[in-house]
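Worksheet for the structure shown next.
The values are calculated or read from the model by the stated rules, or taken from the named source; none is laboratory data. Predicted model only: the values in this text are computed from it and were never measured. Cβ: placed from backbone, ideal geometry, glycine included. Neighbour counts: every protein chain shown.
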Amino acid sequence: MSKKTSKPYVFFSDLHIDRWDRLKKERFFEFIERVEETAAGVYILGDIFDFPALKGDSIWPRHKDTVNRILGLSRAGLPVNYLIGNHDISLRGIEIEEFNFRLTYPDNKHPFEVELFGKKVYMEHGHYYDPLFQEHIYDAVDFLRAVTGKAVDQSATDFLRDVVRIFQRKPKHDAEKAAAKEKTEVGVPERFLKLWEEAAEQLLKKRRCDIAMFGHTHGPALSRMLGGPQFYVNTGDWVKHSTYVEMTETSLSLMDWIEGATLRQEKLD
């Protein structure tokens, strides 16, 4: 059960802070300051960092101020839930739940659901619906890093992908071909975005929840599903966009912080 509150809950994902310039960081800090002042709680649906694209061990020195700003929300008394994504999948296996902060990796065996304002909300990063996602590649990268004590660069990761592609019974050839050809402003080719809507529809039915929320695609979305009061939500990103979702007792709002715009709003029945 959720606590009674008049404040909104805030959801965002796919920060990829290693790609930011100084201005983007400053605007994000403004956003976090507002969240601390106005929100009842925060849900981050993965991919703060872009681990597979990083080399070396300079993540913490470069980004500790941003991470500390986020953790500062929990120290200020706001519940902060972090759901691990595919780009920070190296954190899986670590479960933290203390001092208003929770770190977890949802999967089929351990789904993440909460009740907010009387609505059942299902959340995950959403990479399992991506035809290009290969979890065992990340397993291999983690293993090599553990054995060598060094970061695995992109060329090694690409080599592992090629090996898997050769031996797979059903290569993801069509998906990769489309990804190479399509120049989109999201993290997933446009033609595949329907996959997340379909996944949300199935989850809404199977888990009997009111809202199914993902990140991963970098494509912000908010739409009614099943012809009724159930919703598919995608939090978008902070790479091409600066989107987030606010949930109050009466509405769901998809917003862009830097643009200062409400992209879409739906009433909660």
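What the table shows:
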quantity	calculated
Cβ pairs under 8 Å, 6+ apart, first in region 48-74 and more than 21 Å from Leu23 (Cβ to Cβ), second at pLDDT below 65 and part of a loop (DSSP other than H, G, I, E, B)	Leu54/Ala151; Lys55/Ala151; Lys55/Asp153; Gly56/Ala151; Asp57/Ala151
Per-region count, region 1-34, residues in a loop (DSSP other than H, G, I, E, B) and either touching an Asp or Glu at 6+ places or on another chain (Cβ under 8 Å) or crowded, with 20+ Cβ neighbours inside 10 Å (or both)	8
Strands (runs of 3 or more DSSP E) fully within region 86-130 counting 1 or more residues that are touching a Cys at 6+ places or on another chain (Cβ under 7 Å)	112-116, 119-123
Strands (runs of 3 or more DSSP E) fully within region 207-269 counting 1 or more residues that are within 15 Å of Ile44 (Cβ to Cβ) and of a type in the set (D, E, K, R)	243-247
Some residue of region 178-191 being surrounded by 14 or more Cβ atoms within 10 Å (Cβ to Cβ), modelled with pLDDT under 95 and under 16 Å from Val121 (Cα atoms)	no
Tally of residues being within 10 Å of Ile84 (Cβ to Cβ) and β-branched (Val, Ile, Thr) across region 103-119	1
